[in-house]
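The values are calculated or read from the model by the stated rules, or taken from the named source; none is laboratory data. Predicted, not measured: the structure shown is a model, and the values here were computed from it. A quick note on method: Cβ atoms are made from the backbone with ideal geometry, for glycine too, and the neighbour counts reach across all protein chains shown. Areas reflect the complete protein model, heavy atoms only, side chains present, ligands, DNA and RNA absent. Shrake-Rupley method; radii C 1.70, N 1.55, O 1.52, S 1.80 Å.
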Amino acid sequence: MKSATFYLLENQLLENQLSENPLLEKLSLENQPPEKSSFSDDLQPHEWLACQLAADQWRAGKRVLIACESQEQAEKLDEALWQREPSQFVPHNLAGEGPRYGAPVELCWPQKRNNAPRDVLVTLLPHFADFATAFHEVIDFVPIDENLKQLARERYKSYRSVGFILTMATPPTY
């Protein structure tokens, strides 16, 4: 049975998680120019959560594909995953790089995607991706912005129309 989980992003909840996580603060100080002091300035809440959920899925023994909107977004998430503490390391690569069948977590974008089998799709795409039907488990997001919420509603309808069991969830706390 195929399932899709939509995480409802709420301003206050994610802001609290971003501000309370010392690792994120450390990453912020290392990666930001002095005038920027928040990790959330570097990653959008749904991007940060995508990295966290991909790490959780990998630790559960699953192979994960993170579908990004663009190569630039994929490179930004790639860099964020490399900046994690050694104890939080997630083996990953950009599509087309790394081992023949890819690392356990792979970042792709519309112009570059491998066909290696994966267990979970974490999608940051604004529209339903036809290749999502190849996955038994999909993670998607309902962003804060109203225009993006409408796109999420359309994706929700698309998943339902192709037989996915749909779940709404709040982000886990880290």
Residues in the stretch 76-98 that are within 21 Å of residue 131 (Cβ to Cβ) and open to solvent by 60 Å² or more (accessible area, probe 1.4 Å) total 2
Filter the stretch 107-144 for residues that are farther than 16 Å from residue 56 by Cβ and among the charged types (D, E, K, R); the one that is surrounded by the fewest Cβ atoms within 10 Å (Cβ to Cβ) is 130
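Collect the residues in the stretch 51-70 that are open to solvent by less than 80 Å² (accessible area, probe 1.4 Å) and more than 10 Å from the chain's Cα centre (by Cα), keeping them in residue-number order. Steps first, answer last, please.
Initial filter on the stretch 51-70 (open to solvent by less than 80 Å² (accessible area, probe 1.4 Å)): 51-58, 60-68, 70.
Residues satisfying the conditions are 56, 57, 58, 60, 61, 62, 63, 70.
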The residue that is modelled with the lowest pLDDT, considering only those in the stretch 153-174 that are open to solvent by 40 Å² or more (accessible area, probe 1.4 Å) and among the polar types (S, T, N, Q), is 173
Q. Would it be correct to say that residue 100 is at pLDDT below 95, under 23 Å from residue 45 (Cα atoms) and among the basic types (Lys, Arg)?
A. no
Residue in the stretch 86-108 that is under 15 Å from residue 64 (Cα atoms), within 16 Å of the chain's Cα centre (by Cα) and among the charged types (D, E, K, R) present
yes
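Go through 40, 87 for me and flag whichever is more than 26 Å from residue 163 (Cβ to Cβ) and modelled with pLDDT under 50.
Working: 87 fails: modelled with pLDDT under 50.
On inspection, the qualifying residue turns out to be 40.
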